[in-house]
Every structure is written in structure tokens, then in C-alpha cells.
Amino acid sequence: MNDTVIKFKNVTKKFSLLSQKTFKEFIPALIKGEETKKGFTALDDISFEIQKGETIGIIGPNGSGKSTILKLIAGVMSPTTGTVTTQGKISPLIELGAGMHPELTGRENIYLNGAILGLKRKDIDKNIENIIDFSEIREFINQPVKHYSSGMYMRLAFSIAIHVEPEILLVDEILAVGDTDFQAKCFKKMEEFKAAENVTTVFVSHSLGQVESFCTRVIYLNHHQILFDGDPSKAIQIYLADTENK
Amino acid sequence: MLAIVKEIKDVIKWRELLWQMTSREIKARYKQSILGYFWVILNPLAQMLVMSFAFSLILRIPTNAAGNIPYSIFLFVALLPWNLFANSLSSACGSLVSSSSLITKVYFPRSILVLSTIIAKIVDFLFANIVLIFYMVIYQIPINFNLLWIIPIFFIQQIFTLGLSLFFAAANLIYRDIQYLLSLGLLLWMYLTPIIYPADLVPSQYKIIFQLNPMAVIVNAYRQTILGGGVPNYTSFIIAFLLSLIVLILGLSYFKSREKLFADNI
């Protein structure tokens, strides 16, 4: 059995940013013969493999391509060249609450978000009580989420995402919000996933402490390339050394 | 053709999401308004009354088809499907842009965003038809089995709408001007479609424009079957069907070719 769940093979991601968003800017530029597209390389020929059950941290300065990697794994973006292959159900915890609709109630949003993450209605029916319990906002669950505080928003979104029974969990900086108690609860849940061994977690964070204590392997990205891949404390050491040298 | 089959399979796999997105669209829209869903009826009704006043009482446009049909019904039969078309197209055009936060985060077939807006508009359309039915009963418009023609006519209209919607939704993501261009286009298009006037008033040298305009054929076909109790003009009908199918194939292939870059372009 092949246990590789995520495989990047010579992946390059270039963005061709349109410099002009409207015709008003575009047409004069076209006439003047200016460049209408700006190239930008986010990832440059990157290869790595992630095995089932691993907990991977991705670190690196802003703009080094961390989020791009998550988006490529999530299938939201496609690589310019190279291939990205994934196996299993992906649950992105990237910027929670993207699928929430403010006018709908918490309960309605659970169904909506569940569907966005690919759940069937009966799966949600089965899990809805657990989701509400985990979020600890039962008394507000039948109110429109526009009345929620941002903490409540995030609790609900996190609860939904972890009840998808993910095989690949993508976590992007989310644990920066929410109170300490809930953060601890989230980490506990993620530790459970880690122990379960069939869940692969990819974790992007600027909090090196979190990465070091939580991950079993760390990929250090800089200048659009992988500079180190392996032991967490060593990766962090190299990263810190690089930052100081600047 | 193959692309259409593949897309249909994909959407069926994600039908739960399509259902949720559609009901989100319907539920959310009127939640804050006092009259709620009543607006879908009130809106075309008001439009119809004012237009009837302007075009029937002031401009005295004849209804032709049969002398005894009041202009307001004559107009309404065409106006409702046109509104469905125009509303579907303009909201579908913005559907990807307004869901940009989802597009950059989660994978699912993007066509669901376009489809769900269109389906929500169809629900509105069905409600708006209550007024028409009411009207037809009051004026005792005779109907017969030819009325069943509205099913294939409606089907063709949706093929055409979907094809254009896919194109405009994808294009609008790259250049936001497309939405303004579209609303201008729709305004002009409405006058080039026999909605406020009967198709037989069109001089014969311009008939070709109307034959190549699927919306003209569709609107006219609705009138012929609902008010005239007749059958649509087969030749025009088949041309409209083929054109709509071509538009859908082109629209979908453009959409699919851009789909991979949606997240990059937002």
C-alpha cells in the first residue's frame, strides 16, 4: 500500500498578475504597448512527499509561498508546471468562516458549510449535536450569525471543519483567534487527530513555539524554495539564524 | 458535448452543495425585508402596470395576435421570462466575484455558484407567475394542450441562459467591467426582443435579426402557445435550440478553461 497522501513533484507556481483590472486601464496600456501582465513566482521547482499520519509544519517569512502550498494541496489553485497529487478527504481550516452567510442562523450555516466541505446531509444530521456541543454556543445556534462575535464565529467554523472527519487537515494561522480555553481545546482535538494516525495535518504558522511542540516534521520555505525539510527544532534553528543574518 | 456530460456528473456528485447554496440564496435574500418574498410578485407587477400605461395607452402599440387580448397580459407573458433571463444573467455574472472568499479556500465545482443563482431566480419566476395565472383566469384566456410547449421552450431558455451566464461569470472575474457592459447590453437587447411590441410588427427585412436572437424566438414562442393556443414556428424554434446549445458548449468550455485560474485572479 502506498502511504504517500500528498506529493509535490517539481511544482512551480507563477502568478500572472494582471496589472490592469479595468478596461479603462487596460485599453490604454494595450495601445501604448505596455506590459499587461506581471509575472511573479511564488514557488520555484518544489518537490516533497508527505506520508499518511504525519504532522507537518510549514514555516518561512511572509510571501515565501506557505499559503500557496496549502492552496495547491486544497486543489483551489493549480501548479503552473509540475504535479500535485493528493489522496483522501481534505478539510481546509484556512481562514475560517469563508462559507458563512451572515443572514443565516448558526444551524443553517452548519449545513451550508458542511456541504461546502463535501459532506452529505445525513452526515451532518448525524454530527450536528457534536458540532454544536464542541462550539459551546448552543444558546445562539438559532440566531443569524451576523449577531455573533468573531470568537463565536470562529468556534462554529472550527467545530464544523473538524467534524468533517478529514484525512488531510490544512491549518493556516487560525489558532491566533479565540480565547485561550478554546485554543487549548482546538489543540487537544488536533492532538487527537495526530494520535489517530490516519489523519495528516499540514500546519502553517508564524508561532514557532506551536510548530515545534506540535509538528513531527517541518518544512522551511524561503525565496520560493525549500531550504530545509526535517526535524522541527533544527528547521526553526536555521530559520531563526537566517532571520538574524538579515 | 463531452464536457457537458462530465460537468453534469460533477454537479450531481455535489448536489448537496447545490441544494444548500440555492436555499441560502433564497433564504438570505429576503430575510431582512418586511414584505419578504412578496417582492418577487410586486416587482414585475409594478413594472407591467407602468409599461402598459406607457405603451398601450400612450403609444398605442397593438397586440395583434388576437384582438381581444389586453395589452397588459400580452406584455406580461413576455416580460416575465425576459426578467428571468435578465435577472439570472446579471446575478450569475457577479456570482463568482461575490463568493471569492470561498473560491480561494475550498475546492468544489465552481459551476455550482452559477447554477445556484440561476435556480434561485427560477424559483422567483415561478412565484411571479402566480399573477399571470390569476390574470389569465380573470380575462378567461382560452388554453389548450399546446400550452405544454412551454416546457421545451423554458428548457431552451435555460440552456441559453446557462451558457451565457457561465461565460459572463468567468469573464467578470478577470475584468469587472463586464458586469456594466452586460447591464447595458441587456437594456438594448430588451428592445431588440419583441416584448413590448408584437413580433409581426417587425419589417420583413429585419426579421433575420430576430430569428438569430434566441430570446426573440423564445419570447415569441411563449406568446404563441400561451395566448394564441398555437404551436411555435418550428424552423425558428430549432434554430434557437441549436444556437442555445452552441452557446452552452462555448460558455462551458470558456468557463472550464478559466476555472483553474479563478483563485489566482481574484
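Data table
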read-out	value
Count of residues meeting criterion [more than 18 Å from B:Leu18 (Cβ to Cβ) and at pLDDT 90 or above] in the stretch A:92-124	3
Restricting the stretch A:63-81 to residues that are outside any helix (DSSP H, G or I) and of a type in the set (A, V, I, L, M, F, W, C), the residue that is nearest to the chain's Cα centre (by Cα)	A:Val76
Of all residues making up the stretch B:196-239, the number that are in a helix (DSSP H, G or I), polar (S, T, N, Q) and surrounded by fewer than 22 Cβ atoms within 10 Å (Cβ to Cβ)	6
Residue among A:Leu112, A:Leu119 that is outside any helix (DSSP H, G or I) and either aromatic (Phe, Trp, Tyr) or within 22 Å of B:Lys27 (Cβ to Cβ) (or both)	A:Leu119
Looking only at the stretch B:171-209, and only at residues there that are touching a residue at least 40 places away in the same chain (Cβ under 8 Å) and within 14 Å of chain A (Cβ to nearest Cβ), the one that is nearest to B:Ile73 (Cα to Cα)	B:Leu182
Meets criteria (without any contact (Cβ under 8 Å) to a residue 40 or more places away in the chain, surrounded by 22 or more Cβ atoms within 10 Å (Cβ to Cβ) and within 18 Å of the chain's Cα centre (by Cα)) for A:Ile90	no
Residue that is farthest from A:Gly75 (Cα to Cα) [pool: residues in the stretch A:92-105 that are more than 9 Å from chain B (Cβ to nearest Cβ) and not in a loop (DSSP other than H, G, I, E, B)]	A:Thr105
Unmet criterion (only one of (1) in a helix (DSSP H, G or I); (2) over 30 Å from A:Phe40 (Cα atoms); (3) modelled with pLDDT of 90 or more) for B:Thr193	(1)
Checking A:Val84 against (1) out of contact with any Asp or Glu (no Cβ under 9 Å at 6 or more places or on another chain); (2) away from chain B (no Cβ under 11 Å); (3) more than 18 Å from B:Asp264 (Cα to Cα); (4) outside any helix (DSSP H, G or I), the condition it does not meet	(3)
Residue check, A:Ile160 within 14 Å of chain B (Cβ to nearest Cβ), touching a Gly at 6+ places or on another chain (Cβ under 8 Å) and either among the small types (Gly, Ala, Ser) or surrounded by 20 or more Cβ atoms within 10 Å (Cβ to Cβ) (or both)	yes
Unique residue being among the aromatic types (Phe, Trp, Tyr), closer than 26 Å to A:Asn62 by Cα and either modelled with pLDDT under 70 or in contact with a helix residue (DSSP H, G or I) (Cβ under 7 Å, 6 or more places away or on another chain) (or both) when the list is A:Phe15, A:Phe40, A:Phe8	A:Phe15
Subset tally (residues that are within 12 Å of chain B (Cβ to nearest Cβ), buried (at least 19 other Cβ atoms within 10 Å of the Cβ) and either among the aliphatic types (A, V, I, L, M) or over 23 Å from the mean Cα position of the chain (by Cα) (or both)) for the stretch A:106-135	8
Yes/no for B:Ile61 being in contact with a helix residue (DSSP H, G or I) (Cβ under 7 Å, 6 or more places away or on another chain) and outside any helix (DSSP H, G or I)	yes
Which listed residue is of a type in the set (Phe, Trp, Tyr) and closer than 23 Å to A:Ser213 by Cα, from A:Phe140, A:Phe158, A:Phe134	A:Phe158
Considering residues of the stretch B:3-36 that are part of a helix (DSSP H, G or I), more than 14 Å from chain A (Cβ to nearest Cβ) and not acidic (Asp, Glu) only, the residue surrounded by the most Cβ atoms within 10 Å (Cβ to Cβ)	B:Ile4
Flag if A:Asn127 is of a type in the set (S, T, N, Q) and under 14 Å from B:Lys27 (Cβ atoms)	no
Every pair of residues 6+ apart whose Cβ atoms lie under 8 Å, when the first sits in the stretch A:38-65 and is under 22 Å from A:Ser233 (Cα atoms) while the second is among the hydrophobic types (A, V, I, L, M, F, W, C) and assigned to a loop (DSSP other than H, G, I, E, B)	A:Gly53/A:Val199; A:Thr55/A:Cys215; A:Ile56/A:Cys215; A:Gly57/A:Cys215
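For every residue, the table says whether it meets (1) over 18 Å from B:Trp82 (Cα atoms); (2) away from every other protein chain (no Cβ under 14 Å); (3) out of contact with any Gly (no Cβ under 7 Å at 6 or more places or on another chain).
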{"site": "B:Gln211", "(1), (2), (3)": "no, yes, yes"}
{"site": "B:Pro214", "(1), (2), (3)": "no, yes, yes"}
{"site": "B:Val217", "(1), (2), (3)": "no, yes, yes"}
{"site": "B:Ile226", "(1), (2), (3)": "no, yes, yes"}
{"site": "B:Val231", "(1), (2), (3)": "yes, yes, yes"}
{"site": "B:Ala240", "(1), (2), (3)": "no, yes, yes"}
{"site": "B:Arg258", "(1), (2), (3)": "yes, no, yes"}
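Yes/no per residue for (1) touching a helix residue (DSSP H, G or I) at 6+ places or on another chain (Cβ under 9 Å); (2) surrounded by fewer than 21 Cβ atoms within 10 Å (Cβ to Cβ); (3) among the charged types (D, E, K, R):
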position	(1), (2), (3)
B:Ile151	no, yes, no
B:Gln157	yes, no, no
B:Phe160	yes, no, no
B:Gln179	yes, yes, no
B:Ser183	yes, yes, no
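The values are calculated or read from the model by the stated rules, or taken from the named source; none is laboratory data. In this text the structure is predicted, and so the values were computed from the model without any measurement. Counting neighbours? That spans all protein chains shown, and the Cβs are built from the backbone with ideal geometry, glycine included.
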